[in-house]
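All remarks here apply to the structure that follows.
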Amino acid sequence: MLVHDPVAPGALRSLDGIEDSARLEQEWLFRSRPDERIYASQHRALVETLSLHVERVQHVADIAGDHEAYTQAYMNPNQVFTRDSLITLPWVPDGYIAACMKPLLRRAETRTMQVAVERLGLREITRVPKEFVVEGGDLVPFHREGRRSLLAGYGPRTHFEALEYLQDALIPDYADEIIALQLAPWRMNLDGGLLPVAEDVLITESESILGGMLLNGRERQRIDVLEMMRDLGMFIVETTRDESVYAQSCNCVCLGDRKIIYFDLCDRVHQLLVRHDIETLRVPGSELVKGRGGPRCMTRPIYGP
């Protein structure tokens with residue numbers, strides 16, 4: 001897993017002096033300024049928990065800190081969200097796709113992550129045209145009855161045209177289908193509103209999902225995504241809009257073997273998950289959540305080579 005220390009470079013200092021929350025969110029995308037000391041300790045707790053359950057956790061600075069791309073982006077506090085700026089697929093362990101994020105503020109993060117993963121031996125498998133927007137938080141690898149599926153949100157951030165491009169570029173060599181989900185205008189990314197956490201359990205704030213379409217390289221087929229999941233035998237854990245926005249109740253790191261890393265901010269959903277045999281490794285998130293992201297956003301899995 002690739003993570004980024006959000007405090008050591010002093011990136012939170014970029015938020016100093018901005019008292020107006022609307023301006024802070026507009027300029028830096030944070031809902032409010034975190035307490036730097038608590039923010040750092042909570043991120044360390046996330047990384048320490050992650051380290052107990054994955055083979056290796058590496059900081060971006062340790063891999064790419066000497067590159068000019070890192071020095072250009074490290075003062076951006078959003079660099080902590082290593083999931084958004086790059087896409088990796090478990091069935092293409094030596095490959096990656098560079099994201100092109102909608103906020104101009106965040107676009108330099110992609111180059112930093114590219115440097116890091118290429119130094120780790122990954123190769124770019126396709127390059128999305130620069131006129132299209134695609135973000136890692138909108139793409140969720142998923143297996144559907146033996147198919148290599150990509151759950152893909154579109155609307156507020158990722159363009160549907162980017163998904164059409166990925167359909168042509170990835171199918172059939174790198175994926176079998178894309179399940180496109182239209183997101184409500186207020187939902188930032190898919191992983192904030194829908195996420196499978198095991199083969200038979202999915203968390204969602206269903207009002208986030210306005211429609212679905214199956215893209216398989218041959219045709220487009222309109223689908224009811226939640227009905228599809230139920231047909232697969234999945235139990236749907238429903239969360240509320242406020243829980244998903246302010247507690248990141250859908251956003252977690254899936255570790256396999258029915259284990260997830262989850263903020264300690266939503267007891268109700270936590271209890272529902274436990275009832276369905278999901279082990280939730282809860283980490284403190286009161287300050288981390290102020291950046292409008294959850295544990296999934298703060299981790300980028302590297303599957304190989």
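The values are calculated or read from the model by the stated rules, or taken from the named source; none is laboratory data. Note that the coordinates shown come from a computational prediction; the quantities given were computed from them, not determined experimentally. Note: ideal-geometry Cβ built from the backbone for every residue, glycine included; neighbour counts use all protein chains shown.
Structural remarks
- The residues of the stretch 185-198 that are farther than 23 Å from Leu29 by Cβ and in contact with a Lys or Arg (Cβ under 9 Å, 6 or more places away or on another chain), listed by number, are Val197, Ala198.
- Of all residues in the stretch 181-208, those satisfying the criterion of being over 23 Å from Gly146 (Cβ atoms) and surrounded by fewer than 20 Cβ atoms within 10 Å (Cβ to Cβ) are Gln182, Ala184, Pro185, Trp186, Ser206, Glu207.
- Residue match in the stretch 229-237 (condition: of a type in the set (Gly, Ala, Ser) and surrounded by 13 or more Cβ atoms within 10 Å (Cβ to Cβ)): no
- Test: residue in the stretch 1-13 that is surrounded by fewer than 20 Cβ atoms within 10 Å (Cβ to Cβ), outside any loop (DSSP other than H, G, I, E, B) and over 19 Å from the mean Cα position of the chain (by Cα): yes
- From the options Gly211, Gly217, residue that is under 22 Å from Arg148 (Cβ atoms), surrounded by 13 or more Cβ atoms within 10 Å (Cβ to Cβ) and among the small types (Gly, Ala, Ser): Gly217
- Residue in the stretch 32-56 that is farthest from Ser85 (Cα to Cα), counting only those that are in contact (Cβ under 8 Å) with a residue 12 or more places away in the chain and of a type in the set (A, V, I, L, M, F, W, C): Ile38
- Near pairs, Cβ below 7 angstrom, 6+ apart or cross-chain, from the stretch 241-257 (of a type in the set (D, E, K, R)) to any residue that is surrounded by 24 or more Cβ atoms within 10 Å (Cβ to Cβ): Glu243/Ser249; Glu243/Cys266
- For the residues Asp224, Asp277, Asp267, the requirement of being modelled with pLDDT of 95 or more, on the phi > 0 side of the Ramachandran plot and over 18 Å from the mean Cα position of the chain (by Cα) singles out Asp277.
- Number of residues in the stretch 100-126 that are touching a helix residue (DSSP H, G or I) at 6+ places or on another chain (Cβ under 6 Å) and among the polar types (S, T, N, Q): the value is 2.
- Checking Tyr174 against (1) buried (at least 22 other Cβ atoms within 10 Å of the Cβ); (2) in contact (Cβ under 8 Å) with a residue 60 or more places away in the chain; (3) in a loop (DSSP other than H, G, I, E, B), the condition it does not meet: (1)
- First in the stretch 4-31 and at pLDDT 90 or above, second anywhere and of a type in the set (Phe, Trp, Tyr) and not in a helix (DSSP H, G or I), Cβ under 6 Å, 6 or more apart: Leu24/Phe30
- Failed criterion for Ala64 (all others in (1) in contact with a helix residue (DSSP H, G or I) (Cβ under 6 Å, 6 or more places away or on another chain); (2) under 28 Å from Phe132 (Cα atoms); (3) surrounded by fewer than 18 Cβ atoms within 10 Å (Cβ to Cβ) hold): (3)
- Among (1) closer than 23 Å to Ala99 by Cα; (2) of a type in the set (D, E, K, R); (3) crowded, with 18+ Cβ neighbours inside 10 Å, the one test that Glu161 misses: (3)
- Where a residue in the stretch 93-117 is within 15 Å of Cys297 (Cβ to Cβ) and its partner, wherever it lies, is aromatic (Phe, Trp, Tyr), with Cβ under 6 Å and at least six apart: none
- Residue-level analysis places Tyr74 among those that are closer than 20 Å to Gly10 by Cα, crowded, with 21+ Cβ neighbours inside 10 Å and either without any contact (Cβ under 8 Å) to a residue 12 or more places away in the chain or not basic (Lys, Arg) (or both).
- Strands (runs of 3 or more DSSP E) within the stretch 60-163 that include 2 or more residues over 17 Å from the mean Cα position of the chain (by Cα) and among the basic types (Lys, Arg): 147-154
- Residue in the stretch 261-270 that is under 25 Å from Val54 (Cα atoms), in contact (Cβ under 8 Å) with a residue 60 or more places away in the chain and surrounded by 15 or more Cβ atoms within 10 Å (Cβ to Cβ) present: yes
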